[in-house]
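The values are calculated or read from the model by the stated rules, or taken from the named source; none is laboratory data. All values reported here derive from a predicted model rather than from experimental measurement. Ideal geometry is used to build each Cβ from the backbone, glycine not excepted, and the neighbour counts take in all protein chains shown.
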Amino acid sequence: MIIKIFPDLPPTASPSAVITRSLIIRTKYINDLTTTTTSSTLPSATSTTTLSSEITTGTITTISTVTIATTITTTPTTIVPGITHIIETTLFTPSSTHTESNSSSFDVTVEKQFTQRREKQAGHEEGANPCKYGRPAKGFDQEQLLCSSLNLLACPKGFFCHIGASQAETACCKRSGLADPCSLPADEGKGNARLKRYYYNDNSGKCQQFIYRGVKGNENNFRTYEECKYRCMRWDLVCEVAPKVSERRRCSIKRRECGDEQWCHIGTSTYSSLCCAGKSISPCELPVSQGEGNETIARWFADRNDRSCTSQCKMFIYKGLKGNQNNFLTKEDCEEQCKQNCEDPCGTGIMLLTSRDMPFFCSSTNICPRNYWCHIGAHTDTTVCCPESGINRCQQPVVEGTGNSSLLRWYFEQTLHKCITFYYRGKEGNQNSFLTEGDCSDACPTYENPCDSGEPLLKDSKPKRCSPEELCPHEYYCHIGADGTQNFCCRKNGNPCDQPVNQGEGKSLLLRYYYDKDSHRCHGFVYLGSRGNANNFLSEEDCEATCPTVPNPCAYGRPLKNAQNEPIICGGSEDCPDNYYCHIGSSPETTNCCPGSNDICKLSLEVGKGAKQLQRWYFDQEQQMCHQFVYRGLYGNANNFITRESCQQICEEMNPCGSGTPLTDQDGRRIFCKSSISDECPNDYFCHKGSSPLRMQCCPRQGKNLCEQPLSIGYGGEELPRWFYDASSKKCLEFIYGGLGGNENNFLSRNSCEISCREKEDYCPHGDPLMEASGKTLAKCGVDDACPLGFICNINVEKNTTACCQDPANFCLQPMDAGRQCKEFETRYGYDPELDDCVYYQYGGCGGTLNNFETLEKCTEICCKND
């Protein structure tokens, strides 16, 4: 049945047509909804009636035509000219008329006739109020809003359409306030009318008839039983989970009236066949539910505990209300939706079944047992355990399978060692089928072969990985690629040192080294990353350690190279730049510029490595001396000299002596002494008293009596408190010594000065007295203790002691020796026996004999004969 009232105008309609349509809609009224007159006749089936209304506005007259199309088969109704009409229909088409209703059919309810516009009605009581609460609702124009059973939604929120005995008593009345009008009690209202109406009895759950008096009733008031049943049927009695009020609707097994989150509950009648909330994704997995109620209905359900390939749906008795989706009218309906699909997708053998005759559905958590693999189909029903074929899955050919699916998968191509995509049709494939490239590469030996010839060494069907620390077997070498992914063991194919340089293939630019057997040296080259040979080394050191190269003599780094990339041979006119030194090896090939410090003299001794025995000199920083050592030919340092002279030229040796050079042993090493021991140095040397043991060395005597030597403060920057003997004042005086270059008249204390000089001066007229072996006490003499040969016993009255003094008969006859020059020559006096007189001569400052006097008087007094 199709009814079209006041159809929408086309977009091109004129403004006057739009105004006309609006006025027609606003002026329609409902005349009488409870009786039928013989003058009203419905149009016949599939007819069209044209209603015209003439509206005059000023000078504009518009004829508006409204077409009412219907396909109702019923008694014709006469349309009275000059009156606006409307056809009222219902949405319900029940299978039979309820016994409690005496009305004929609910398919169509026809107005007896509609009254003319309210302002033209005769006998209308202005201000009549049919509402129980408040006044009827009005529009923006303050006119009372119109409604009807066909246009219940014309009333605003909080109002309902009160259907009275006439159009004048039909208005939008205020609701009682309850959300569910079906919970209100029956209200007969007020007035003189006697209208047969129905209300919903909330206690009995049924719609019951009552007589309505026309006005002042509530919302629980329906014109027909069917309308009452539709509006007030209790969804919560039927459904386990009732839908929202706005989403409530009826349903049938053949139509899809329910929403996405609803399911159709099929009851014993159309009133209990309702859309319930709480739709299940897997209704076949729900437990059987007999529901509630007093009905005894045969229904079918799927036993969720029996999911075997031979499972069948079972009958149960349903009580009519509630229940769940695992509820089917027939066994066929049940098994069509829930019967287990046991199609075998395995390409080889029969799929694995459980002890309950169900397919073994596999997943990442439900792993197949041994000798089976998980076939992953298009859905869970074909994701089962299939028997293995006994062939390594990576060696199996690609199989597209059968079926209508088109699943993107990966397979391993063993000739290329790669995983490649293909489309699987869903069934009867083999194990060489993977969901992702990662799954494929994890299971099969995917790699790019970097070897120049042959395949890399395999271990467990995969290339054996290697590194500089994890070496390959003897007949293989470790190919090192750009990023570690191609670090595999490749065959050497002969001696790597005999192979030519090979840049390989690829896009990498890697600095590598190869051995040039013609020059016997290792050189750098750029490797492209793959397909090289064994003559390929990460560093020059690795190359030299493998192949017989000219050795690198440098202890650190590499020799400096020329423009031809050859090590520079240094020496002669070829000097090394800063931060390099010339390593003098056993041959020109090992005489190269090596990295090293320019502060050569502070380097420690380094004998090097190798089989050579080379006599060299080095500077001893501790002793401040150049010493000889044996160099082994390689890996030394810059503190390495061919001669002592070249060592001394570069490194200045420390000399504490004021004149001459320190005493050395037969190996050229300096002799160190201690000032407390007088006999450590030979007679011609004295122990220089330095500030440290390194500066305590035997220095040459000057030949002059130490007590007669002048003050010498030396040099060296030190400030050492010392004492010297002042011959002119015959006193020991203090001075500050610089640490180096002094003379023998240098004492650590005043006491040692006085012992050495003043007392000696008093004992003998010339020269030093003879001392005991300890060097600390005088050798005594007397009548019974004669002095040794060359000495005479001299009596010192002041000291009341004797001393063995050198015999003038001996030293006066000694030659006048100029000694050795250690400073500027000075005039001295000596006895000439031929002249029997003292004469002067030039003294060099060091050494000489005792026939040496500072004054002529003293020489004459001691040596000349007395007449």
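Summary of computed values
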quantity	calculated
Whichever residue in the range 649-671 is in contact with a strand residue (DSSP E or B) (Cβ under 8 Å, 6 or more places away or on another chain) and outside any loop (DSSP other than H, G, I, E, B) and, among such residues, is nearest to Leu740 (Cα to Cα)	Cys657
Subset of the range 609-645 that is hydroxyl-bearing (Ser, Thr, Tyr) and either closer than 28 Å to Gly739 by Cβ or at pLDDT 95 or above (or both) - its residue that is surrounded by the fewest Cβ atoms within 10 Å (Cβ to Cβ)	Tyr631
Failed criterion for Ser508 (all others in (1) part of a loop (DSSP other than H, G, I, E, B); (2) modelled with pLDDT of 90 or more; (3) over 30 Å from the mean Cα position of the chain (by Cα) hold)	(3)
Answer from Gln697, Gln702 - the residue that is farther than 26 Å from Lys780 by Cβ, surrounded by 20 or more Cβ atoms within 10 Å (Cβ to Cβ), out of contact with any helix residue (DSSP H, G or I) (no Cβ under 7 Å at 6 or more places or on another chain) and at pLDDT below 90	Gln702
Residues satisfying the stated conditions in the range 717-734, i.e. surrounded by fewer than 16 Cβ atoms within 10 Å (Cβ to Cβ), in contact with a Phe, Trp or Tyr (Cβ under 7 Å, 6 or more places away or on another chain) and of a type outside the set (D, E, K, R)	Leu733
Every residue from the range 689-747 that is touching a His at 6+ places or on another chain (Cβ under 7 Å) and aliphatic (A, V, I, L, M)	Met696
Some residue of the range 362-372 being within 21 Å of Ser405 (Cβ to Cβ) and either in contact (Cβ under 8 Å) with a residue 24 or more places away in the chain or not in a loop (DSSP other than H, G, I, E, B) (or both)	no
Those residues of the range 241-270 which are buried (at least 16 other Cβ atoms within 10 Å of the Cβ), closer than 19 Å to Glu226 by Cβ and modelled with pLDDT under 85, in sequence order	Arg248, Arg250, Thr270
Per-region count, the range 661-673, residues buried (at least 17 other Cβ atoms within 10 Å of the Cβ) and either touching a Gly at 6+ places or on another chain (Cβ under 7 Å) or of a type outside the set (A, V, I, L, M) (or both)	4
Residues located in the range 406-432, provided they are in contact (Cβ under 8 Å) with a residue 40 or more places away in the chain and in contact with a Leu (Cβ under 9 Å, 6 or more places away or on another chain)	Gly426
Flag for Leu538 being among the hydrophobic types (A, V, I, L, M, F, W, C), under 21 Å from Tyr476 (Cα atoms), out of contact with any Phe, Trp or Tyr (no Cβ under 7 Å at 6 or more places or on another chain) and in contact (Cβ under 8 Å) with a residue 60 or more places away in the chain	yes
Among residues of the range 274-311, those that are among the charged types (D, E, K, R), in contact with an Asp or Glu (Cβ under 9 Å, 6 or more places away or on another chain) and within 21 Å of Gln262 (Cβ to Cβ), counted	1
Pairs with Cβ under 8 Å, 6+ apart, first in the range 502-514 and within 19 Å of Ser453 (Cα to Cα), second charged (D, E, K, R) and part of a loop (DSSP other than H, G, I, E, B)	Asn502/Asp452; Asn502/Arg531; Gly504/Asp452; Gly504/Arg531; Glu505/Arg531; Gly506/Arg531
Filter result (buried (at least 20 other Cβ atoms within 10 Å of the Cβ), touching a Ser or Thr at 6+ places or on another chain (Cβ under 8 Å) and assigned to a loop (DSSP other than H, G, I, E, B)) within the range 150-165	Ile163, Gly164, Ala165
Enumeration of residues in the range 389-407 that are touching a strand residue (DSSP E or B) at 6+ places or on another chain (Cβ under 6 Å) and of a type in the set (A, V, I, L, M)	Val398, Leu407
Pairs where the first residue, in the range 391-405, is assigned to a strand (DSSP E or B) and the second is not hydrophobic (A, V, I, L, M, F, W, C), C-beta under 7 Å, 6+ apart	Thr402/Arg425; Thr402/Lys427; Thr402/Glu428
Boolean, Leu457 is within 23 Å of Gly484 (Cα to Cα) and crowded, with 17+ Cβ neighbours inside 10 Å	yes
Breaking point among (1) surrounded by 18 or more Cβ atoms within 10 Å (Cβ to Cβ); (2) assigned to a loop (DSSP other than H, G, I, E, B), for Glu295	(1)
Matching residues in the range 322-336 - criterion: being surrounded by fewer than 14 Cβ atoms within 10 Å (Cβ to Cβ) and under 54 Å from the mean Cα position of the chain (by Cα)	Glu336
Test result for Ser355, out of contact with any strand residue (DSSP E or B) (no Cβ under 7 Å at 6 or more places or on another chain), small (Gly, Ala, Ser) and surrounded by fewer than 11 Cβ atoms within 10 Å (Cβ to Cβ)	yes
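Residue-wise test of (1) outside any strand (DSSP E or B); (2) crowded, with 19+ Cβ neighbours inside 10 Å; (3) modelled with pLDDT of 90 or more; (4) out of contact with any strand residue (DSSP E or B) (no Cβ under 9 Å at 6 or more places or on another chain).
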| position | (1), (2), (3), (4) |
| --- | --- |
| Cys793 | no, no, yes, no |
| Ala803 | no, yes, no, no |
| Thr827 | no, no, yes, no |
| Cys838 | no, yes, yes, no |
| Cys859 | yes, yes, yes, no |
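Quick grid of which residues meet (1) crowded, with 21+ Cβ neighbours inside 10 Å; (2) at pLDDT below 95; (3) under 19 Å from Tyr477 (Cβ atoms):
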{"residue": "Asn495", "(1), (2), (3)": "no, yes, yes"}
{"residue": "Ser519", "(1), (2), (3)": "no, yes, no"}
{"residue": "Cys543", "(1), (2), (3)": "yes, yes, yes"}
{"residue": "Leu560", "(1), (2), (3)": "no, yes, no"}
{"residue": "Asn579", "(1), (2), (3)": "no, yes, no"}
